[in-house]
Amino acid sequence: MNFDFSHMFRFDYLNSFIALTIVLFSILVIVYSLGFMRGRRRLFEYYFWIILTSIASVGVVLANNLFLLLILWGFLGFTLYVLINIGGKDSDRAAKKTFIIVGGSDSLMLLGIVIIYYLTGTSQIDKIHLTLDGSQLAILAFLCLAVASFAKAGAMPFHSWIPDCAESAPLPVVAFLPASLDKLLGIYLLARICLDVFVLNQVMNMFLMLIGAFTIVAAVMMALVQHNLKRLLGYHAVSQVGYMVLGIGTGIPIGIAGGIFHMLNNAVYKCCLFLTGGNIEYKTKTSQLEQLGGLAKLMPITYMSCLIASFAISGVPPFNGFVSKWMIYQGLIGQLGDGNLQLTLVRSVTILCLVAAMIGSALTLASFMKLIHAVFLGQYPENAASSERKINEVRPAMWIPMIFLAGICILFGVFAYQIPLRLLILPSLTPNFSLPFSEFLGFWSPGLATGLILTGLIVGVIIFKLGKLRLSLREDSPFIGGESSVLKESRVSGVEFYNTIREINILNKIYRLAEEKWFDIYDLCQRIFFKVTDFLRYLHNGVLPTYMVWCLLGMIVMFFIMR
Amino acid sequence: MLPLFVIIPLSVAFIISLIGRFYKRTGDILANLASLSLLILSISSLSAHHIGSVSVSVYKVGGWGGFPPLGIYMVLDGLARFMLITLNLVSALVALYSINYMEKYTSKYKFYILFMLMLAGMNGVIITGDMFNLFVFLEIASIASYALVAFGTESEELEASFKYAIMGSVSSSFILLGIGLLYSYTSSLNMADISAVLAEKGYSNIVAFISVLFLMGFGLKAALVPFHAWLPDAHPSAPAPISAMLSGVLIKVLGIYALTRIFFSVIGVGHIVLSLLMFLGALSMIVGVFLAIGQWDFKRLLAYHSISQIGYVILGLSLATPLGILGGLFHLFNHSVFKSLLFLNSGAVVYSTGTRDLQKMSGLKEKMPVTANTSLIASMSIAGIPPFNGFWSKLIIIMACIQANRLGYAFWAVLGSILTLASFMKVQRYAFFGKIKAGLKEVKEVPAMMRLVMVILSIICLVGGVVIIPQFNQVFLKPAVDILLIGKQYANAVLGAIP
């Protein structure tokens, strides 16, 4: 057990910028918590674990020793468990599920790391370059580590803890861990093993791409039919991971850069979205979409931030989500154009992934339209409004982090190349790939496009204003034959419309199976394992002679073996 | 100094039985003093030898002259020191815990008598160098434990004790038969001497026969599948401190220690025995954890986990590589710490709420923070979450599996670890987290002494990983590993050390 303690940490562009991002998010979430968690019990414990989590996370990304990485990584699972448990209703169940999936994948990671150590004889990450070709053990090790990163980031099929956790855990914890930090860590690990530790082959790249594409579409389909704001965001948190895995899976520089950039962007807007969700819940005490509506007037800052973040996650230009998605698409297209890849299978997989990614993007937009409509537009439900106190904007500690993140969404979108790509993303890839990056953004130049969009918007506003001036509208309450003028029927909650999707024949079946948790690896394994348990318990009938017979049978077998 | 390990608990048991009935506090005071002094003795035995070499000290019982096979010997080597510390650490803490816990039972002094007898038996098993003495001490410890399992004298306890006694006696008879055959074959009862004689005479069918007898006999004491069926009844039925002793150390001393001592040092392990043990270890690991995950009885769940964790220890030891043995022994130590802590936690829950059914408790964290937090630490340890101690030993065992090119076993170990985590998540969720049940609003935290013990054990869990840092490892684990690695050279080491 002689580990070399002298090379415990390394600093390169990739992990330094992720470490910085982690610190930034920690600060934002702590600021937010000062507002959100005010007046709760066990606050010391809460901040203690939050700070410990961020320290351990920084340790993970900077670690240069596989075992150090493993220890800190496993410890993060534990802090996540403790933090979720601080939360409210049902948080114990979510915490259990989360930790079984995350902790279980950590055990696989242990196996993977031990295999790597055994194959290479070193635990120093920067000295390991394993090829996957022809070595079963190396493939196994890669898969083990990939599972750990998938479980942490929430790629399918290890995603199912995220929606549960999003629904039940305290909101700052969700915004901090599953939404931002765990994505950063999981994708960091994936990038690290795909770029440095292992040399991937074609098959493995295809595998990653397929997982990514599947995650995008399946998770967004689930998000579409959710009725709970936090759960909906949770499914999107899963769906976005698909893009990152897809990007890294392309295996060509622009795709990988896109994947990593998307990781950063996702952390920003997803954290922002969860914070807005937290504000809404904080004020209205509910996160059911049916019971919300018309909050845009009451909480304007929250509304604007949520709108920006929604556009960003849906990939609407000029926000940051668009740029990174565009880079991922380019990675896929670039792969199609590559002369070496004339295999039809490879081509069709790539096309499939491209289509999936685009569909996913469209559906994301659709589901965020639903969210925006249900929460901020429309009407606030009557019964709730009368009983609740007046809803107004949250206190500054809670909107400052949100505004900050929304600002980053715009900044990273408009000045995508000048700021994040040039300073953060591209340098982190240069040791592995050196390509002329000047041309890679294709025909998309965000500055010009933003200018055009802004001009368009301003022109639109002017025309609108002019039109309004000319028309001189008269507003009046509707007359319906003396009946009460409260029109409950006319309130569109924003949920019903999307029920149409459920009613499509095939989807209906799939959704039903999904609700019975047939696609949840946790429940699936539970069913299988409990079958085994039941069988074993059936054998243990508590009758002494039976047990004696086992002993004697055991002896007989042993005699036979030792003969 | 060596015989003190047996003399102290035996004489204390005797004194308590004489005067315990008249002075209520006798048992509390004497038993605690005795176990504490044993702990100090065993720790001081560590510093008394030089690091690095295989150092063995031998004591002649009764000062008999001559060489084996004449006379009875007690042997203290690295492995014995390691086991003594593990045993006496747990027993000292358990004795402290019993002061408050055993209040609810009548005739507490009888409990201490049996406790001290069990301790004397286990200490004896560890330090004896004589086959027949091994059997005698083993029976002392076993019979005391049968009585202790039945201590509550409810129907459930009596049934469990009956099963345990029957199966335990069967295994003891097989062990005795094995010892008899070995004596007839080698004309000696001294372990070192037997080892030397066997080396001279070579392998024969009778040795194979004896091996199976010992495998079954000690395998049953260690609760290896398929000889495990007594354990899930016996361990939960005993009072919590005794459950902690049974799961924490008894199965290890009577089972694993005796098994490894006899097979590694006396008979010598062949390829077949090792593969057999490895298989049984892996089987126990998996079967135990599968049975545990379906349980709703807190203590029964823990008892099944003992089977599973014993599997890890056996798997590590039976790899017979330096790393594997290190991992196995380290896991043995860790398991005795966290499993006794878990049983003491369950005892605290029973003490406060009166139930062992996980479905009847909920949200105890609010009312019993010390119990809840210590049990969280212990759960993380057993599930192998870094940086708690169980993680390190599991890591070493899995590394050893890979190193020995046993990928399949490594995989089973990982699966077992995941399922262990899952079942302890269940315990934590149902017992300690969530909303508190209406009937449990009046629950109080347990008395100070019990809390103290749980906190001490949880601190050991938290910092237990330091044991593999070379400075500690050199003193504590390495000598024990070395003894097992030299195998049958043990005979020479002991015979050479006879004064």
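Every read-out reported here was derived from the displayed coordinates using simple, explicitly stated rules and does not represent laboratory data. All figures in this text were calculated on a predicted structure; none of them were measured in a lab. Glycine also receives a Cβ, built like all others from the backbone with ideal geometry; neighbour counts cover every protein chain displayed.
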* Pairs of alpha carbons in chain B whose separation is greater than 33 Å (percent) -> 33
* Asked: Which whole number in µm²/s is D for region A:1-200 by Stokes-Einstein, with the Kirkwood Rh taken over Cα pairs at 10 °C and 1.306 mPa s?
  -> 93
* Could you list which residues have their amide H under 5 Å from that of B:N190, counting only those 5 or more apart in sequence or on another chain, with H placed in the peptide plane? => B:M131
* Work the Kirkwood hydrodynamic radius out for region A:213-287: mean of 1/r over every pair of different alpha-carbon atoms, inverted, in Å. => 13.1
* Asked: Based on the Cβ-Cβ distance of B:I206 and A:V199, what FRET efficiency does E = 1/(1 + (r/R0)^6) give at R0 = 56 Å, to the nearest 0.05?
  -> 0.50
* Enumerate the amide H contacts of A:F198 below 5 Å, restricted to partners 5 or more residues apart or on another chain; note that Pro and chain-start residues carry no placed amide H. => A:L130
* Structure fact -> Percent of all alpha-carbon pairs of region B:275-345 at distances over 13 Å, whole number, is 63
* Compute the Cα gyration tensor for region A:520-562, then decide on rounded, prolate or oblate, letting a ≥ b ≥ c be the square roots of its eigenvalues: rounded whenever a/c is under 1.5, prolate when a/b is larger than b/c in the other cases, and oblate in all that remain. => oblate
* On a C-alpha basis, how far is the centre of region B:197-247 from the centre of region A:79-96 in Å? Whole number, if you could? => 41
* Using θ = phi - 60° and the Karplus form 6.51 cos²θ - 1.76 cosθ + 1.60, what ³J(HN,Hα) does each residue of region B:379-390 get, whole Hz, x for Gly and Pro? -> 5, 5, 5, 6, 7, x, 9, x, x, 6, 5, x
* To do: Relative to the compact-globule scaling 2.2 N^0.38 Å, provide the ratio for the alpha-carbon radius of gyration of the protein assembly as shown.
  => 1.06
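Would you mind ranking B:T355, A:T455 so that the residue whose beta carbon has the fewest other beta carbons within 10 Å leads the list? Walk me through the numbers before you get to the answer.
Details: B:T355 15, A:T455 10.
Final ranking by Cβ density, sparse to dense: A:T455, B:T355.
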* To do: Tabulate in residue order the Karplus-calculated ³J(HN,Hα) for region A:240-251, using 6.51 cos²θ - 1.76 cosθ + 1.60 with θ = phi - 60°, rounded to whole Hz; enter x for Gly and Pro.
  => 5, 4, x, 4, 5, 5, 4, x, 5, x, 4, x
* **Between region B:85-119 and region B:298-375, the Cα center-to-center distance that results, in Å** => 18
* Structure fact -> So, with points 7 Å from each Cα along the Cβ direction, the B:K435-B:F472 label distance in nm works out to 4.3
* Asked: When the Kirkwood hydrodynamic radius is evaluated over all pairs of different C-alpha atoms of region B:270-468, what value in angstrom, to one decimal, is obtained?
  -> 16.9
* To do: Identify all lysines with a Cα-Cα distance to B:K437 below 25 Å; exclude those on the same chain that are fewer than 8 residues away in sequence.
  => A:K89, A:K96, A:K97, A:K285, B:K104, B:K299, B:K360, B:K365, B:K367, B:K426
* To do: First select every other residue whose beta carbon is under 15 angstrom from the beta carbon of B:L46; then total the charges, Lys and Arg +1, Asp and Glu -1.
  => 0
* How big is region B:193-313 by Rg and Dmax over its Cα atoms, in Å? -> 15.8, 54
* Go ahead and run the numbers for FRET between A:L452 and B:S44, Cβ-Cβ distance against an R0 of 60 Å, rounding to 0.05. => 0.10
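Under the definition of partner shielding as Cβ atoms of other protein chains within 10 Å of a residue Cβ, what is the mean value for peptide A:523-529? All intermediate terms of the calculation are to be shown ahead of the outcome.
Numbers: counts 0, 0, 3, 2, 0, 0, 8.
Other-chain Cβ atoms within 10 Å of each residue's Cβ, averaged: 2.
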* Give me the distance in nm between label points sitting 7 Å out from Cα along the Cα-to-Cβ direction at B:E442 and A:L423, one decimal. => 6.4
* To do: Would you please state which residues of region B:141-164 a label at B:T106 would reach in this model, taking the label point 7 Å out along Cα→Cβ and a backbone N cut-off of under 13 Å?
  => B:152-154
* Asked: To the nearest whole number, what is the average tally of beta carbon atoms from other chains within 10 Å of the beta carbons of peptide B:207-213?
  -> 4
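How crowded by other chains is B:399-406, given as the mean number of beta carbons from other chains within 10 Å of each beta carbon? List each step's numbers first, then the result.
On the way: counts 9, 1, 3, 9, 3, 0, 1, 0.
Other-chain Cβ atoms within 10 Å of each residue's Cβ, averaged: 3.
Evaluate the charge dipole of the protein assembly as shown about its Cα centre and quote only its size in Debye, nearest 20, assuming +1 on the Cβ of each Lys and Arg and -1 on the Cβ of each Asp and Glu. Numbers along the way, then the final one.
Working: 71 positive and 48 negative charges, 318 e Å.
Computed charge dipole of the protein assembly as shown: roughly 1520 debye.
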* How far, in nm, would the chain grow between A:V549 and A:L20 when pulled straight, counting 0.36 nm per residue and subtracting the alpha carbon separation? -> 184.1 nm
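Go ahead and run the numbers for FRET between A:L307 and A:N392, Cβ-Cβ distance against an R0 of 30 Å, rounding to 0.05. Mind showing how you got there, number by number?
Numbers: r = 19 Å, r/R0 = 0.62.
E between A:L307 and A:N392, to the nearest 0.05, is 0.95.
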* **Spherically averaged projected area in nm², based on the convex hull that wraps the Cα atoms of region A:202-435** => 12.7
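Going by how many other beta carbons lie within 10 Å of each one, how would you line up A:R563, B:R21, fewest first? Please list the in-between numbers first.
On the way: A:R563 10, B:R21 13.
Listing A:R563, B:R21 from fewest to most nearby Cβ atoms yields A:R563, B:R21.
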* Asked: Using a basic spin-label model with each label point 7 Å from the Cα along Cα→Cβ, how many nm lie between A:R347 and B:S11?
  -> 9.3
* Structure fact -> Taking Cα pairs closer than 8 Å and at least 6 residues apart, the relative contact order of region B:351-480 in percent is 42
* To do: Could you work out the Kirkwood radius for region B:363-499, taking every pair of different alpha carbons, averaging 1/r and inverting it, reported in Å?
  => 18.0
* To do: Show the residues, 5+ positions off or on another chain, whose built amide H is closer than 5 Å to the amide H of B:T128.
  => B:V75
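Evaluate chain A: find the radius of gyration of its Cα atoms, find its Kirkwood radius, and give the ratio Rg to Rh. Could you put the intermediate results ahead of the total?
Working: Rg = 25.9 Å, Rh = 25.3 Å.
Rg divided by Rh gives 1.02.
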* Provide the gained length on full extension for the span B:D357 to B:I272, in nm with one decimal, where the gain is 0.36 nm per separating residue minus the Cα-Cα distance. => 26.4 nm
